[in-house]
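Contents: one structure, followed by commentary.
The values are calculated or read from the model by the stated rules, or taken from the named source; none is laboratory data. A quick note: this is a predicted structure, and the numbers were derived from the prediction, not measured. Don't worry about glycine lacking a Cβ; one is built from the backbone with ideal geometry, like all the others, and counts go over all protein chains shown. Accessible surface areas use protein heavy atoms only, side chains included; no ligands, DNA or RNA. Shrake-Rupley method; radii C 1.70, N 1.55, O 1.52, S 1.80 Å.
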Amino acid sequence: MQQMQFSKFRSPVGDIRMLASEAGLAAVYFPAQAEFLEPRLAPNGLRKGHGNVFLLQAEAFLACYFDGDLMYSPTIPLYWQGTLFQRQVWKAIAAIRPGDRSTYLDLAAGLGRPSAVRAVGRAVGANPLSIVIPCHRVVGSDGRLTGYAGGLSVKRYLLGHEARHCSESRVHAV
């Protein structure tokens, strides 16, 4: 297991924590997730990530994202720590474009496992890379906002932020 380095980013929705190894970005998460994510992802402890290129790239991504540049998409190597099924779900989530939404049912169907809605929900909930792997874009089949590690108010903020900036960029593109 790789030694993990950490950093924090101050955002409009509060502090966001990040973990990376020398192999890639492992987590972007909210403080409430620290007690269960950090022991799992960093059993050997954490050290300050001064100069870790993956943490710096994640900070740049988050700064652009919260400044409204939703199309900025750096190629940050990810240090995936999950089951094969979880990684499949996370890759499907990563394909959801800013301003768009998907449902757990749509994700399950897209993976060729339409009856695996609950398993998809668990995989979405286990996503350690909030915002980078935009699980806030996954909603219930009826369009309702469902659980989010940062809280429903944060999910609502992120979706509203994207809606505002996507509509602005579409207006400017005309």
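Strands (runs of 3 or more DSSP E) fully within segment 14-96 that include at least 1 residues being within 13 Å of the chain's Cα centre (by Cα) and not aliphatic (A, V, I, L, M): 14-20, 25-29. On the stretch given as segment 98-108, residues that are open to solvent by 40 Å² or more (accessible area, probe 1.4 Å) and farther than 15 Å from Pro134 by Cβ total 1. Scanning segment 29-58 for residues that are in contact with a helix residue (DSSP H, G or I) (Cβ under 6 Å, 6 or more places away or on another chain) and touching a residue at least 60 places away in the same chain (Cβ under 8 Å) turns up just one, Tyr29.
Each row is one residue, and each column tells you yes or no for (1) aliphatic (A, V, I, L, M); (2) modelled with pLDDT under 90; (3) under 25 Å from Leu25 (Cβ atoms); (4) open to solvent by less than 40 Å² (accessible area, probe 1.4 Å).
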residue: Pro74; (1), (2), (3), (4): no, yes, yes, yes
residue: Arg87; (1), (2), (3), (4): no, no, yes, no
residue: Ile96; (1), (2), (3), (4): yes, no, yes, yes
residue: Gly110; (1), (2), (3), (4): no, no, yes, no
residue: Ala123; (1), (2), (3), (4): yes, no, yes, yes
residue: Pro134; (1), (2), (3), (4): no, no, yes, yes
residue: Gly150; (1), (2), (3), (4): no, yes, yes, yes
residue: His161; (1), (2), (3), (4): no, no, yes, yes
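When Tyr79 is tested against (1) modelled with pLDDT of 95 or more; (2) surrounded by 17 or more Cβ atoms within 10 Å (Cβ to Cβ), exactly one condition is not met: (1).
Is there any pair linking a residue in segment 136-149 that is in a loop (DSSP other than H, G, I, E, B) to one that is buried (at least 19 other Cβ atoms within 10 Å of the Cβ) and among the basic types (Lys, Arg), with Cβ under 7 Å and at least six apart or on different chains, and which? That search, which allows pairs on different chains as well, returns Leu145/Lys155; Tyr148/Lys155.
Only a single item in (1) within 17 Å of Ala126 (Cα to Cα); (2) at pLDDT below 95; (3) open to solvent by 30 Å² or more (accessible area, probe 1.4 Å); (4) of a type in the set (Phe, Trp, Tyr) is not met by Phe30, and it is number (3). When restricted to residues that are assigned to a helix (DSSP H, G or I) and touching a helix residue (DSSP H, G or I) at 6+ places or on another chain (Cβ under 6 Å), segment 111-125 contains 5. Among the residues making up segment 58-69, those that are open to solvent by less than 60 Å² (accessible area, probe 1.4 Å) and either over 16 Å from Leu129 (Cα atoms) or in contact with a strand residue (DSSP E or B) (Cβ under 7 Å, 6 or more places away or on another chain) (or both) are Ala58, Glu59, Leu62, Cys64, Phe66, Gly68.
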